[in-house]
Amino acid sequence: MENSRKSSSADFAHRLAGELALVIPAHSSILIAFSGGVDSVVLLHLLHQFAARFSWQLSALHVHHGISPDADAWAEFCEQRCAAYNISFHLARVDIAPLREQGIEAAARELRYQAYARHECDFLALAHHADDQAETVLLQLLRGSGVRGASAMPMLAKRKVHWVRPLLGCTREEIVAYAEAHHLRWIEDASNADERYPRNFLRHKVLPILAERFPSYRQTLARSAQHFAEAGTLLDELAQQDAQSAIQADRLRVSELRRLSVPRAKNLLRYFLQSRGSPMPQAVQLDDMVRQLRAARDDAAVCVAYGGWQVRRYRGGVYALRALPGLDGHLRSPWRDQDILDWPALDARLGFARAEGRGISLAKLRSAPVTLRVRQGGEAMRPHAHGPTRTLKNLLQEQHVPPWLRDRLPLLYCGEELVCVLGVAIAAEFQAGEHEAGVQISFIEGPV
């Protein structure tokens, strides 16, 4: 019996080595997401066996969530396992409290992903397997996810680095059998038996019943996930075609949303939001966005908030931006020749670059203390030497500054004299002359 188990585990390892050789080039650096559970223990053991053959450089990362009273012991166990294989070990301690309202599972997952992103590597190896895949597909369907959500987890995915899931074609039963055949030790997390968590409920209550009637459900759901992934790819290609005429820089044209069918408009809006780094809104929120953006009259101020972001409409364009912080109407920031200055009103940073014959005259700025302030109302300036004095209200409208930014743009003052409104105008008397030392102000990361 022991020999049979060893033979089976050898076949298991041989099959995985052949598959990974086609995916991970020689001399690649691989970071292993190492929880200490049986799945990641087996993954660590397998990659350690393969590393010398393929000249891979291995390291492992354990994320300490601090949720369980055993978390310190788990971290110590993981460090010891890595030391036994002479694999570089990294520990990331995270605080789940600020994200707890998302749910413990979702918050822990997001913090893990953030921890992974902080480490340089060619590949991130995760220990998800076929049972995880089946559970994920069912959970996504039960949540009403679209084709992208239901496509679940790919074996290889390109993010900042390549994410690879070597065990995705293996069942939990095969993984445990391999661990037992090699006398491996692993962590048993008691929370995995808690059926209050949806995934655990499926694992312990639903899937065993499903297996009795549909023994091949893992393969069937994996096949469905692949079909969903292909459909998602087609939708992305369609959105890319629509985007060529619809998206200009950071702006989506409302006329294009109106021209398309509702499903196609929703698909384009999803693509636009993703291109802006926005989280995906829920289906009901996306429906509301498309309805308002398409149906509202042209001069309507549309703003739909979701997940710390906002979708707004202005002058026939759709904008997606992070929700702006609260505005301090008394904000004043002194400028004392810094190269960089924080601007809280827009959650942004300002850069000050020296430029000969351009921007604001440095010599004239020396005449009084320099401060940056927010708009109070009634401001005016003369942008052209031989032109009239203009109200700031008119200048902002002429420059088509979106209404939600008008009270938040930094206004540079020298003493009590308005010198510059960033991105709009510089007062004529403060403009740097030819060959004169000047300073130019810009957003380093832009308004967000």
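Any read-out appearing in this document is the output of simple, stated calculations on the displayed coordinates, not a laboratory observation. Worth saying up front: this structure is predicted, and the values here are computed from it rather than measured. Every residue, glycine among them, receives a Cβ derived from its backbone with ideal geometry; neighbour counts consider all protein chains shown.
Using a/c under 1.5 as the rounded threshold, could you call the range 332-443 rounded, prolate or oblate? The axes a ≥ b ≥ c are square roots of the C-alpha gyration tensor eigenvalues, and prolate needs a/b larger than b/c, oblate otherwise.
Numbers: a/c = 1.60, a/b = 1.12, b/c = 1.43.
Since a/c reaches 1.5 but b/c is at least a/b, the shape of the range 332-443 is classed as oblate.
What's the whole-number percent of alpha carbon pairs in the chain lying beyond 28 angstrom? Kindly include the intermediate steps, with their values, before the conclusion.
Numbers: 63941 of 100128 pairs.
That fraction is 64 percent.
May I ask you to compute the full-extension gain from residue 393 to residue 295, defined as 0.36 nm times their residue separation minus their alpha-carbon distance, rounded to one decimal in nm?
Gain on stretching residue 393 to residue 295: 32.4 nm.
State whether the range 249-322 is rounded, prolate or oblate according to the following rule on the C-alpha gyration tensor (a ≥ b ≥ c being the square roots of its eigenvalues): a/c under 1.5 gives rounded; otherwise a/b larger than b/c gives prolate, and the remaining case gives oblate.
Values: a/c = 1.34, a/b = 1.18, b/c = 1.14.
Since a/c stays below 1.5, the shape of the range 249-322 is classed as rounded.
Calculate the FRET efficiency for residue 249 and residue 142 from the Cβ-Cβ distance with a Förster distance of 45 Å, rounded to the nearest 0.05.
Numbers: r = 39 Å, r/R0 = 0.86.
Calculated transfer efficiency: 0.70.
Kindly identify the range 190-275 as rounded, prolate or oblate by the Cα gyration tensor criterion: order the square roots of the eigenvalues as a ≥ b ≥ c, call it rounded if a/c is under 1.5, otherwise compare a/b with b/c, prolate if a/b is larger, else oblate.
On the way: a/c = 4.02, a/b = 2.47, b/c = 1.63.
Judged from the Cα gyration tensor, the range 190-275 comes out prolate (a/c at least 1.5, a/b above b/c).
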Check: What FRET efficiency, computed as 1/(1 + (r/R0)^6) with R0 = 22 Å and r the Cβ-Cβ distance, is obtained for residue 105 and residue 226, rounded to the nearest 0.05?
Finding: 0.35
Next item on the list: Provide, in order from the shortest bin, the percent of all Cα-Cα pairs of the range 272-419 in each 10 Å bin, continuing until the bin that contains the maximum pair distance.
Entry: 9, 31, 31, 19, 9, 1
Check: Once the Cβ-Cβ distance between residue 349 and residue 70 is put in as r, and R0 is 60 Å, what FRET efficiency do you end up with, to the nearest 0.05?
Finding: 0.90
Next item on the list: Please give the residues of the range 407-430, grouped as numeric ranges, whose backbone N is less than 12 Å from a label point set 7 Å along the Cα-to-Cβ vector of residue 367.
Entry: 414-419, 428-430
Item checked: Stretchable slack from residue 113 to residue 264, in nm (0.36 nm times residue separation minus alpha-carbon distance) -> 51.3 nm
Notebook entry, point to check: Under the definition of Cα pairs under 8 Å and six or more residues apart, what whole-number percent is the relative contact order of the range 2-223?
Noted result: 24 percent
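Give me the number: length gained by fully extending residue 376 to residue 54, i.e. 0.36 nm times residue separation minus the C-alpha to C-alpha distance, one decimal in nm.
Numbers: separation 322, 0.36 × 322 = 115.92 nm, distance 6.52 nm.
Once the chain is fully extended between residue 376 and residue 54, it gains 109.4 nm.
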